[in-house]
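The values are calculated or read from the model by the stated rules, or taken from the named source; none is laboratory data. This is a predicted model, so every value here is computed, not measured. As a convention, Cβ positions derive from the backbone with ideal geometry for all residues, glycine included, and neighbour counts pool all protein chains shown. The protein model used for the area step is the full one, side chains on, heavy atoms only, and it has no ligands, DNA or RNA in it. Shrake-Rupley method; radii C 1.70, N 1.55, O 1.52, S 1.80 Å.
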Amino acid sequence: MAAQVSQQYAFRAQKSLGLVSGGPDYASVAGFVVPSESARTHTYSADGRLYAYALPTTVRIFQAEGAQLLQELPLSNIVEVNFSPRGTYLSTWERPVKLEDGSQHKNLRIWSVSTGQELIAFTQKSQEGWDLQYTISESHAIRLVGPEIQVFRPAEWAKGVVDKLRVEGATSVTLSPGLNPSLAVFVAEKKGQPASIKIYNLLVLNGAPTCQKNFFKADRAQIKWNTLGTQVLLLTQTEVDNSNKSYYGETGMYLLSAAGNFDCRVTLDKEGPIHDFTWSPNSKEFGVVYGYMPAKTMIFDQRVRTLHDFGSSPHNYISFNPQGRLILLAGFGNLAGKIDIFDRRTLNKVITIDAPNTSHCDWSPDGRFLLTATLSPRLRVDNGIKIWHCTGPLVHVKMIDELYQARWRPSPVESVPPFPAQMPPAPEPSESVKEWEKTQKKPTTGVKTAGAYRPPGARGLATPAIFKREDEGGLPTRSLNASPAGSGANTPSRHYNRSPAPPGAPGYGGYNGDGGGGGYGRKHVPGAPPPGAGVDNENKKKKKKGGKKQEGGAANGDGAPVNGNATNGTPKGKKAHAHAQREQQQQLVVQPPQPPPPEIIEPSSPTTPGVDGSLDSIAKRVRNLNKKLKAIEELKEKANRGERLETTQFKKMEGEDAIRKELSELQINES
């Protein structure tokens with residue numbers, strides 16, 4: 001029963017709102033009435049006990065189990081709602097407006113969930129970080145107002161601010177979870193002064209910070225505490241990258257202990273931005289995805305010692321399941337939407353899931369299912385929700401037009417069944433999956449023929465290493481400082497070439513495959529003299545002229561070398577100008593093309609494969625069959641790597657037996 005409760009999820013779209021129960025049927029929660037108006041936001045309480053949504057003129061609070069209406073607050077223009085950790089209080093935020101009497105608009109209000117009474121109100125202009133932060137026991141609540149951190153006791157809202165801390169230049173504050181709460185205050189870099197992070201004990205705000213660290217290159221920061229609230233990770237980022245290597249600025253990462261006994265910079269061994277980072281639920285390790293694509297993923301312990309390197313892959317998202325047993329690595333956004341799931345105990349890959357166009361991804365509270373959603377306005381087509389089992393099968397699909405939000409119903413880890421030692425079996429797919437597969441052109445389990453475009457001349461051939469990703473055996477990415485040729489050192493030439501080989505392959509335009517730019521041959525014009533012939537003719541002319549001039553020079557007793565400014569045998573003034581014009585016109589006269597000598601073979605001229613007079617017909621046929629077998633072996637390797645193959649390539653692989661049979665017959669006849 002607990003597993004079914006944990007699988008409930010809620011969604012919000014432009015024209016619909018819903019609560020959906022768990023498997024196996026994934027039906028709408030009985031008793032929930034869909035409002036006729038469009039909801040502006042919705043949320044669950046942290047313990048999953050309550051559910052609320054905001055309409056243009058009202059806010060309704062429900063009991064999540066059974067969808068029983070508890071409170072209806074007559075509030076207009078509410079944009080954000082949020083529960084306190086135990087669901088005792090509800091915060092609402094609306095856009096600030098100017099009042100006629102000139103007083104401040106108190107647009108942030110706190111309500112009692114049980115009575116529906118307004119307890120306190122504040123003025124909060126920014127929507128970012130609008131809500132108060134509560135301790136896990138709801139004994140204290142804090143908010144940042146300018147450089148001042150104000151502390152409240154929710155049980156005594158009427159007393160107002162009970163404690164405060166002033167930190168000049170504070171731009172963000174994050175309250176830790178756990179029974180001994182601490183504050184992490186970030187101060188951005190300004191006017192040459194370094195940025196800093198300071199950690200204070202919430203119960204002793206007036207004392208000195210328990211830990212602090214200064215650093216440069218930090219215009220903004222993202223702070224994440226571990227579950228116990230004993231350590232904090234800080235991701236710093238600048239607005240501009242002074243090295244001009246990244247459009248999104250420079251990033252850095254630091255680890256600090258709330259007790260002040262440890263702090264250090266997290267050193268990463270690959271150049272590039274930090275895409276994502278997260279703590280494990282056990283609070284003893286964390287994962288980081290970093291570096292230029294393909295990005296690297298590493299797992300570190302609480303002393304920043306490397307535990308495991310997942311290598312380079314096109315990932316920009318990492319997440320542990322709530323039990324810390326499984327690790328999810330995925331590439332969303334402008335990446336293909338591949339999801340790789342690893343077992344934390346063995347560090348082996350469990351499955352790869354293809355979830356393209358995913359905007360939101362989240363683990364279920366029991367750690368057995370994944371919810372992926374394509375949301376608006378990022379994508380306005382194919383909006384919907386898909387639920388996957390952790391072993392790979394798709395178990396539920398719900399397509400919804402203009403979907404805005406989707407999320408699991410939260411549930412404490414102790415209230416759900418523990419994750420088993422062995423991977424749990426996947427349930428049977430719901431009827432929605434079967435109906436969805438009927439609308440698709442290809443079944444989800446069929447052959448995937450889509451892939452990158454390849455010109456006809458390059459189809460069926462191995463991809464040159466220069467065009468492969470680094471994790472697929474391609475050439476390594478070169479830093480701008482590592483190569484004098486710059487970032488385009490590995491880019492092949494774009495000039496015309498008659499070679500049948502694909503661009504970048506050995507032999508294409510004289511390309512030698514080493515990634516350098518000096519291995520390309522010159523274009524040869526058919527019918528023109530071979531390169532170097534014109535040089536020989538010029539040398540002969542110079543020798544003849546030089547012989548006559550040397551004779552004249554000897555007669556005059558002058559043995560100086562002949563040049564354009566020499567006086568021996570060279571006319572002066574107007575005669576010299578006319579003589580130069582005649583020589584220039586003679587050089588411009590197009591000579592009839594002379595066929596190149598048969599013994600001269602230019603290596604830069606592209607050759608036609610398969611033309612060899614020294615081979616008889618049987619040898620040529622054997623050679624062609626061997627080429628086909630080699631191409632088939634390369635296709636098999638691509639299929640083993642999980643790459644998508646075209647239908648023609650599958651047909652080519654099916655003809656392997658016939659090719660081998662013909663090859664054996666030819667070899668028998670030849671012998």
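Could you say whether any residue in the range 412-420 is touching a His at 6+ places or on another chain (Cβ under 9 Å) and not basic (K, R)? So far as the range 412-420 goes, no, none of its residues is touching a His at 6+ places or on another chain (Cβ under 9 Å) and not basic (K, R).
Of the listed requirements (1) of a type in the set (A, V, I, L, M, F, W, C); (2) buried (at least 18 other Cβ atoms within 10 Å of the Cβ); (3) over 30 Å from the mean Cα position of the chain (by Cα); (4) within 20 Å of G146 (Cα to Cα), C211 misses just one: (4).
Condition check ((1) aliphatic (A, V, I, L, M); (2) closer than 24 Å to S257 by Cβ; (3) in contact with a Pro (Cβ under 9 Å, 6 or more places away or on another chain)) across all residues:
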{"site": "W130", "(1), (2), (3)": "no, no, no"}
{"site": "G160", "(1), (2), (3)": "no, no, no"}
{"site": "V167", "(1), (2), (3)": "yes, yes, yes"}
{"site": "G178", "(1), (2), (3)": "no, yes, no"}
{"site": "L202", "(1), (2), (3)": "yes, yes, yes"}
{"site": "A221", "(1), (2), (3)": "yes, yes, no"}
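May I ask you to verify whether T238 is hydroxyl-bearing (S, T, Y), open to solvent by 60 Å² or more (accessible area, probe 1.4 Å) and assigned by the TED database to the domain that holds V162?
Details: hydroxyl-bearing (S, T, Y): yes; open to solvent by 60 Å² or more (accessible area, probe 1.4 Å): no; assigned by the TED database to the domain that holds V162: yes.
It is false that T238 is hydroxyl-bearing (S, T, Y), open to solvent by 60 Å² or more (accessible area, probe 1.4 Å) and assigned by the TED database to the domain that holds V162.
Considering the conditions (1) assigned by the TED database to the domain that holds Q222; (2) buried (at least 20 other Cβ atoms within 10 Å of the Cβ), D163 is excluded by exactly one of them, (2).
Looking across the range 345-385 at every residue that is without any contact (Cβ under 8 Å) to a residue 40 or more places away in the chain and among the basic types (K, R), the one that is least open to solvent (accessible area, probe 1.4 Å) is identified as K349. If you go through the range 172-196 and pick out every residue that is outside any loop (DSSP other than H, G, I, E, B) and either over 15 Å from T236 (Cα atoms) or open to solvent by 80 Å² or more (accessible area, probe 1.4 Å) (or both), you end up with 5.
Taken over the range 257-311, the residue count meeting the criterion of being under 30 Å from V413 (Cα atoms), open to solvent by less than 10 Å² (accessible area, probe 1.4 Å) and in a loop (DSSP other than H, G, I, E, B) is 3.
Which of the residues belonging to the range 309-354 are of a type in the set (D, E, K, R) and farther than 18 Å from V395 by Cβ?
So the first thing to find is which residues in the range 309-354 are of a type in the set (D, E, K, R), and the list is 309, 325, 338, 340, 343-345, 349, 354.
Within the range 309-354, D309, R325, K338, D340, D343, R344, R345, K349 meet the criteria.
So in the range 102-150, with the set limited to residues that are open to solvent by less than 60 Å² (accessible area, probe 1.4 Å) and among the hydroxyl-bearing types (S, T, Y), which one is nearest to the chain's Cα centre (by Cα)? That would be S126.
Of the residues in the range 612-631, at least one is closer than 14 Å to T463 by Cβ and touching a residue at least 12 places away in the same chain (Cβ under 8 Å). Restricted to the range 12-111, the set of strands (runs of 3 or more DSSP E) holding at least 3 residues that are free of Cβ contacts under 8 Å to residues at least 24 places away in the same chain is empty.
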